[in-house]
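Asker: Once you've had a glance at the structure underneath, I'll fire off some questions.
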Amino acid sequence: MTPLLLASTRATIPDLITFVVCAAVVLTGALGVVMSRNSVHAALSLVLTLFGVAVLFIEQDAQFLAAVQVIVYAGAIVVLFLFVIMFLGVDREENVAAEPLKGQRPLALVLVVIAATGIIFLAATSHWVTGAHAVAGSTTAGGHSNTYLLGRSVFTTYLWAFEITAGLLVIAVVGAVVLARRPSQVHEEPRDARPAAPGAGGPGDAAVASPPVAAAVAAGTGASGSTTDDGERRPVPAGVTGRAEDGMDERVTGS
Amino acid sequence: MLATTVIATPHIRYLAILPEIVLLGGGVVLLAVASLVRRQLRVRVGTLLTVAIAAGSLGVSLWQWADVTGRGGFTAIDHAVVVDGFSVLVNILVSCAVLLTALVADGYLLRERVGGAELQVLALVSASGAMIMGSANDLIVVFLGLEILSIALYVLAAFNSRREASGEAALKYFILGSFSSAVFVYGIALVYGATGSTNLAQIADFLSRNVLVHDGLLLAGLTLLLVGFSFKVAAVPFHMWTPDVYQGSPSPVTGFMAAVAKAGAFAAFLRVFLSSFGLLRADWRPVIYALAVVTLLVGAGLAVVQRDVKRMLAYSSINHAGFVLLGLQAATGRGASDALYYLFAYTFMVIGSFAVVSLIGRTGDVAHDLSTYRGLARRQPLLAVCFAVLLLAQAGAPFTTGLWAKLQVVLAAVDNGSVPLAVIAMASAALAAFFYLRLAVLMYSPAPASGGVLGEEEPGEQPVALTAGTVGPFRAGPAEQAMAEAQPQPVEELRAPAVRGARPVWAGTEQSVAVVDRLNAALLIDAETVTVDGETPASAAADQVGGDVERVEAPDPALVSKVPVPALSAVAIGLCVAVTVVFGFIPAPLVDFAHHATLLFVP
């Protein structure tokens with residue numbers, strides 16, 4: 001049993017240095033994604049992470065994967081992210097200071113510390129590597145290039161997995177159409193205009209009553225917008241817990 | 001370097017994946033056909049085709065069943081797919097669920113006019129994901145099945161673009177679901193690192209031939225897989241999404257989601273834990289034990305305080321998940337077959353229930369308050385009888401499949417020495433029976449002349465219901481809700497300041513609730529202008545309630561019109577009730593079927 005970093009028989013000091021540097025880059029990027037106020041900066045931090053992972057792939061002799069990582073993820077997908085961010089308005093300020101739940105952040109911090117401690121403790125004290133060899137084998141087994149080995153995996157062991165990703169593409173196409181569709185195009189219904197729809201269930205009427213989200217490019221963005229709206233326009237009187245007040249507000253105004 | 005050898009691609013036995021092909025291919029065909037027909041015909045054509053496709057996949061599944069019983073289970077496509085009794089049963093179950101959902105959705109789509117055949121297409125693709133999970137023999141395939149199932153459900157949850165709650169539910173489901181998927185993938189990676197394979201059979205093989213001295217990595221992976229699965233089946237610490245999503249989604253979709261997502265996720269859950277990690281059962285059984293206990297208790301306990309029927313059914317589905325976990329906790333073939341039987345019975349009960357809820361919800365799919373059900377028996381006796389039967393079946397009443405399902409999992413737990421768990425399960429069933437029966441009784445109680453619904457019901461429960469249970473769940477984030485839901489104590493604490501500190505507000509709230517109830521009824525019968533007979537706070541509230549509704553009167557709820565029952569929905573509800581009752585009277589065939597299915601389990 002060997003420690004984590006020296007699991008590979010070929011591990012050398014340069015390997016170790018590469019790993020440490022890349023790990024730092026990956027983690028920096030990941031932190032940047034989570035902590036950036038500006039969503040463009042977050043997307044760009046993602047490039048950093050993906051690039052670090054690409055270098056780690058090269059370190060593992062998976063050059064093809066590294067190229068794919070850079071071209072597809074760092075290139076295409078992040079550009080797509082940026083495109084969407086720009087499209088929806090980069091200047092839109094998300095009020096991250098408004099905290100819908102009290103104590104959420106300290107609690108999250110505590111949980112993160114616990115989880116991180118657990119992982120570091122496990123990594124430091126136990127031997128993580130069991131010594132089992134991967135079924136897929138080394139990335140350069142038998143003198144084959146790793147594109148060959150990758151292709152072989154995709155068309156043998158993972159053929160079914162490869163094929164059923166087609167299902168995901170079908171969903172993507174249909175889902176995009178469904179979510180991008182404007183409700184008004186389908187049918188105009190006077191009932192919609194009413195302030196209080198039937199149903200004292202709570203969220204239902206709250207949702208119907210709030211002004212319709214303009215130009216719902218996708219239902220996802222629409223919903224997120226409404227959530228923030230709700231959070232902002234809701235006054236919180238002192239002395240009543242947030243949750244109870246939620247109820248009051250909603251009931252009294254009937255929304 | 002040029003590859004000089006020819007890759008030997010695996011032989012594909014198409015029977016193994018035929019149900020999935022029928023559903024996926026059918027979905028694509030339906031998409032094409034629906035775009036060719038006229039807009040008015042789209043829903044009807046979609047329904048017709050979906051029913052045909054689901055019937056086709058049911059037929060193919062039965063063919064698989066004949067093959068499996070005749071020649072035994074087999075694996076296909078380089079051991080990525082396994083066809084055994086277990087997977088065939090899941091296929092049959094999912095096919096039935098799609099068929100019923102198509103019938104229910106027909107009326108819904110015509111009523112809401114929210115779109116053409118996309119709902120059916122997404123349902124078909126999503127169902128194929130559940131089938132893929134049920135027959136997966138590789139963790140990667142499990143994951144892809146999970147994603148196909150879930151991503152289609154995210155879109156389905158947002159299907160009614162006119163209801164903002166629908167989009168909100170979808171977003172919540174999407175974010176939490178993606179997070180749990182990430183956890184699941186991480187679990188796969190760790191298990192791969194520990195065992196060197198993602199193939200379920202090879203993992204089992206590795207674990208049977210090697211004793212891991214340091215199994216931290218494997219156990220960490222196992223834990224993450226457990227978390228991922230628990231999220232999808234809505235077991236309790238990971239259930240926060242369930243009420244909001246079930247409530248916000250279109251009702252037929254909720255039924256589909258409850259049935260198919262649970263079936264697919266539990267199928268993979270059972271298979272992965274029983275076949276791959278069967279040897280580690282001493283490690284994971286206590287965890288499942290704990291999960292089952294909290295799931296049973298929290299599901300039943302919080303369902304009691306709900307006023308929204310969809311939320312109530314959401315918590316009841318959490319409670320059901322706890323029962324299925326009982327079968328998994330038993331970690332025996334018997335337990336697995338009981339869990340499958342439970343899922344089978346549950347599918348019909350829950351789709352039928354949500355079909356009724358969908359009808360009662362009326363146009364807009366929003367009338368889901370308990371008070372809406374008052375006096376239903378007088379207005380529509382047949383619908384009330386059907387709903388009552390489905391509710392009683394969920395409660396586990398005799399002569400329904402629900403009883404046998406609950407009995408079997410409890411017996412499996414007892415057989416395996418988990419007597420305390422069995423006792424807790426029975427207790428939670430008793431608690432759950434309360435809210436099912438309350439709804440049933442409400443349907444058969446006469447409609448009151450005024451809107452004083454709340455006060456009569458359970459005065460003790462009511463403040464809790466208002467503070468924590470029903471109101472404003474969408475505004476409170478999941479975490480706080482979790483805190484409120486995880487333990488009963490915070491709920492009580494929450495209630496205290498509300499009652500003590502804000503008494504006047506509280507009183508006003510209570511009245512305004514009554515007004516809202518009355519207003520609902522008024523809007524239901526399309527009264528343009530209604531008059532008020534309420535007190536000052538009530539009318540003040542009413543003014544806030546509706547800008548253009550000037551005055552509110554208490555309408556006689558007996559006047560609340562009958563809800564239209566489309567023929568296809570009636571057929572679906574009838575089928576669900578028939579299955580529930582017939583196999584409740586004659587449980588043997590279905591029980592034997594589930595038992596037989598797990599006997600043909602390919603490890």
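FYI, it's all coordinate maths here, none of it is from the lab. All values derive from a computational prediction rather than experimental measurement. Reconstructed Cβ throughout: ideal geometry from the backbone, glycine too, with neighbour counts over all protein chains shown.
Asker: Tell me which residues come under 5 Å, amide H to amide H, from B:VAL83 once H is placed; ignore anything under 5 positions away on its chain.
Answerer: Here the answer is B:PHE74, B:THR75, B:ALA76, since their amide H atoms fall under 5 Å of that of B:VAL83.
Asker: Let me ask something additional. Is the C-alpha gyration tensor of the range B:1-67 telling us rounded, prolate or oblate? Criteria: a/c under 1.5 is rounded; beyond that, a/b larger than b/c is prolate, otherwise oblate. Don't skip to the answer; put the middle values down first.
Answerer: Details: a/c = 7.56, a/b = 1.69, b/c = 4.47.
It comes out oblate by the Cα gyration axes.
Asker: Can you give the FRET efficiency for A:VAL40 and A:LEU111, using 1/(1 + (r/R0)^6), R0 = 41 Å, r = Cβ-Cβ distance, to the nearest 0.05? Walk me through the intermediate numbers first.
Answerer: On the way: r = 29 Å, r/R0 = 0.70.
Taking R0 as 41 Å, the efficiency between A:VAL40 and A:LEU111 is 0.90.
Asker: Over the range B:170-307, what is the relative contact order in percent, taking alpha-carbon pairs closer than 8 angstrom and at least six residues apart?
Answerer: Working: 107 pairs, mean separation 41.1, N = 138.
Normalised by residue count, the contact order of the range B:170-307 is 30 percent.
Asker: If you don't mind, there's one more thing I want to ask. What is the set of long-range amide H partners of B:ASP138 at a cut-off below 5 Å, with H atoms built 1.01 Å from backbone N?
Answerer: Long-range HN contacts for B:ASP138: B:LEU200.
Asker: Hey, could you grab the Kirkwood Rh for the range B:3-151? Inverse mean 1/r over distinct alpha carbon pairs, Å, one decimal.
Answerer: With all distinct Cα pairs of the range B:3-151 included, I get 16.0 Å.
Asker: To continue, here is another question. May I ask you to sort B:VAL579, B:VAL121 by Cβ crowding, counting other Cβ atoms within 10 Å and putting the fewest first?
Answerer: On the way: B:VAL579 22, B:VAL121 28.
Ascending number of Cβ neighbours within 10 Å: B:VAL579, B:VAL121.
Asker: How many angstrom lie between the C-alpha centres of the range B:284-303 and the range B:84-158?
Answerer: Using only Cα atoms, the two centres lie 27 Å from each other.
Asker: For the range A:12-97, what is the Kirkwood estimate of the hydrodynamic radius, computed as the reciprocal of the mean inverse distance between distinct Cα atoms, to one decimal in Å? Spell out each step's value before the answer.
Answerer: Working: mean 1/r = 0.0726 Å⁻¹.
Radius from the Kirkwood sum: 13.8 Å.
Asker: With each pseudo-label sitting 7 Å past Cα toward Cβ, what's the B:THR223-A:ALA30 distance in nm, one decimal?
Answerer: Result for the modelled spin labels: 1.6 nm.
Asker: Mind checking the range B:277-348 for trypsin sites (Lys or Arg not before Pro) that DSSP puts in a loop (not H, G, I, E or B) and that have at most 16 other Cβ atoms within 10 Å? Let's see the in-between values first.
Answerer: Working: sites: B:ARG281, B:ARG307, B:LYS310, B:ARG311, B:ARG334; in loops: B:ARG307.
The qualifying sites: there are none.
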